[in-house]
Structures are given as structure tokens and as C-alpha cells.
Amino acid sequence: MLEVENLYCTLGTNEILKGISFTIAGGEIITVIGRSGAGKTTLMRVLCGLENMSHGKICISGKKVCHGDYGLVQQGCCLFEHMTVLKNVSYALQAVKKFSTKRARAMALDMLTQFGLKDKITAYPNSLSGGQKQRVAIARTLVMDPKVLLFDEPTSALDPEMTNDVVSMIKNIASRGIAILIVTHDLSMSRKISDRILFLEGGKIMENRPTEEFFSDPHSEQTKSFLKNIALF
Ligand SMILES: Nc1ncnc2c1ncn2[C@@H]1O[C@H](COP(=O)(O)OP(=O)(O)OP(=O)(O)O)[C@@H](O)[C@H]1O
Ligand SMILES: [Mg+2]
């Protein structure tokens, strides 16, 4: 589904990504982990076109990426505070996809119902809990029908129960055949949710392995020291 080949990115005078290659199949969940400054957010920004690559190739199902292929759920949700929950989800369907108000509202209502938020459609974001906000943000992205979904720290502001909620929601989304890439510092969440782990260091992929193998038998010295430091912490 998503194929990334030999991706380089330079910001200012710094080469941040140095030859990143990986693929994600439809329905697969991958998490990207690594130290602060490794280039995780930069990778996400390049994938969804917010930053230019200096070299490389990104394809979805063999075709060049188009606008709308990606959905990005940003850290902290970034809901439109002055819009109701329903409007938050229906807005881009009207503004970007040019759907009628009636159609957009019906689709938004359907999505919010699936996410257990039917009774919140007239509420404003400031009256929601962190977990509810995160669910609205995911519904808002998913309603646009992306092929690839990117999550930046989806559970960083959530308690363990809400984290589990979001984990099962993301798994459910993957089962629809969407390719999912998650950036996180939460290793226990990444262990629960991912099929594979990408370990990024200094703008390069040090490991790309099935989740359990990664944690039980890390190959590179960098990964071993990363996991050791975290275990001590
Ligand atoms: N606009 C920019 N210009 C120059 N350098 C940048 C720019 N944005 C980020 N960087 C540098 O790129 C490197 C990677 O940053 P990035 O935000 O991708 O790291 P990260 O892995 O997401 O870290 P964290 O875990 O702290 O979020 C850092 O060294 C950072 O200082
Ligand atoms: Mg980051």
C-alpha cells in the first residue's frame, strides 16, 4: 500500500532524514519510535506533504501520492473550538470535498455514532474529556476516507483507560484496510497496538521488525541501549 523509498530531507542546513525506506500494507499498524530529535515528526511531515523531501519516492499502491490520500491526527487534537462536534466532523466534507450540507452531516453523524459520540454532536470541544476529543479528532480525519492514517502521539494526554479505548479504535480502523503509522514515546502502547516497529535514530531506520521480535531480541546496539535506558528509567 504505502511504499517509501530512500527518502532524504534537509531542514535549514541539517540533513534530518538520511535514506528512509519502508512499506506499510493496508490494514497494517506500524509505530515509529526513537529518541527525541531522531526525525520522527519530520518523517510524518514529509509523508503528508507539509515538508519537502530532497530526494526519494513515496507511492501509494504503486501510484504517486495525491492530496487526500493521507489523514493526519495531530498531537493535541486541534479541534475547531467554535464549532460543534458534528460541525467539526462535517466541515471538511463540505469545504474540501464539496459535499452538500445534508450529505456531510449524515456522514458525520454516522461516523460519530460508530465512535460512541452520538449524544455529543451538539456539544462544543471545551466540554469534552481528553479521550472524547481524541475520538472526535479521529472521526474527523477518518470521515475523509484516507488510505493512510498518520497519528502523532495519539495517547500522550490520555489516562490508561482512555489509552486502551484509543488503541482498540485504531485497531478497528486498521481492520478496514487502512495503513496506519503512529509516532509515539509510549512503548507499552506501541507493543499493544503495532504489527511492526520502526526504530529511528539520527534520521535512519535502525530496525524494522515485528513488534515482539523487536522487544525480545533487538538487533542493533542503538536499539539495545535505547531499550535498556528505558527499562532502567
Ligand atoms: N525547521 C527546522 N529547521 C532545522 N532543523 C529542524 C527543523 N525542524 C526540526 N529540526 C531538527 O530536526 C531534528 C529532528 O526533529 P523531529 O522533530 O523530527 O524529531 P522527533 O524525533 O520528532 O523528536 P521528538 O521525539 O522530540 O518529537 C531535530 O534535531 C530538530 O532540531
Ligand atoms: Mg516529534
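Observations
- From the list GLY68, GLY49, GLY39, GLY34, the one residue that fits, being touching an Asp or Glu at 6+ places or on another chain (Cβ under 6 Å) and at positive phi, is GLY34.
- Enumerated strands (runs of 3 or more DSSP E) restricted to the stretch 1-88, each holding at least 2 residues that are over 18 Å from LYS147 (Cβ atoms): 2-11, 14-24, 29-33, 55-60
- Look at (1) near ligand 1 (Cβ under 8 Å from one of its atoms); (2) within 23 Å of THR211 (Cα to Cα); (3) touching a helix residue (DSSP H, G or I) at 6+ places or on another chain (Cβ under 6 Å) and you find that ILE16 fails only one, number (2).
- Odd one out for TYR8, checked against (1) more than 16 Å from ILE197 (Cβ to Cβ); (2) in contact (Cβ under 8 Å) with a residue 40 or more places away in the chain; (3) within 16 Å of ligand 2 (Cβ to nearest atom); (4) in contact with a Leu (Cβ under 7 Å, 6 or more places away or on another chain): (3)
- If you filter the stretch 32-41 down to residues that are within 10 Å of ligand 2 (Cβ to nearest atom) and over 13 Å from the mean Cα position of the chain (by Cα), you find that the one that is nearest to ASN208 (Cα to Cα) is GLY34.
- Single residue of LYS40, LYS63, LYS98 found to be of a type in the set (D, E, K, R), assigned by TED's automatic domain parsing to the domain that holds ILE170 and surrounded by fewer than 16 Cβ atoms within 10 Å (Cβ to Cβ): LYS63
- Residue within the stretch 39-58 that is out of contact with any Cys (no Cβ under 9 Å at 6 or more places or on another chain), under 28 Å from GLU207 (Cα atoms) and free of Cβ contacts under 8 Å to residues at least 24 places away in the same chain present: yes
The values are calculated or read from the model by the stated rules, or taken from the named source; none is laboratory data. The model shown is predicted, which means the values in this text are computed figures rather than measured ones. Glycine gets a Cβ as well: all are built from the backbone with ideal geometry, and neighbour counts include every protein chain shown.
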